[in-house]
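Bear in mind that the values in this text are calculations on the coordinates, not laboratory data. Everything numeric here is computed off the predicted structure, so don't read it as measured data. So basically every Cβ, Gly included, is an ideal-geometry build from the backbone, and we count neighbours across all protein chains shown.
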Amino acid sequence: MLCADNRRVMRTVDLALFSIFDLGSFGLPWVQAIIIADRRRVAAGELLGLVLTEGAGLAYAGHGNFFTRSPRHWEYPDDCGDH
C-alpha cells in the first residue's frame, strides 16, 4: 500500500505494470488522466481500461460553487492518517 500524493506516485512508478486505472477522485481526475496519457504507452492490440469519476457535478447538486475552487488551492495531506 502506498500512502502519498497519487500524482507524485504516478510520475515515479512504472505504469506499464497496470492495465486498468480507476480515477475516482473527489474532484477533477484530469491531472491524473494526463499523467497516464503521457507516461503509459499502449501497444498494438493491448487493452487499457480507464474509469473516470468526475466530481464537478457536485455543484449542480447544490453543494456550493465547485468551479470557484481550483485544484491548485486544494489541501493535500502530508500523511494518510486514519481516514
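Once you put a point 7 Å from the Cα of Asp38 and another 7 Å from the Cα of Val9, both along the Cβ direction, what distance in nm separates them?
With each label point 7 Å from Cα toward Cβ, the separation is 1.9 nm.
Could you order the peptides 43-52, 6-15 from most to least packed, using the average number of other C-beta atoms within 10 Å per residue?
6-15, 43-52
Separation between the Val31 and Leu47 pseudo-spin-labels, each 7 Å from Cα along Cα→Cβ, expressed in nm?
Calculated label separation equals 3.2 nm.
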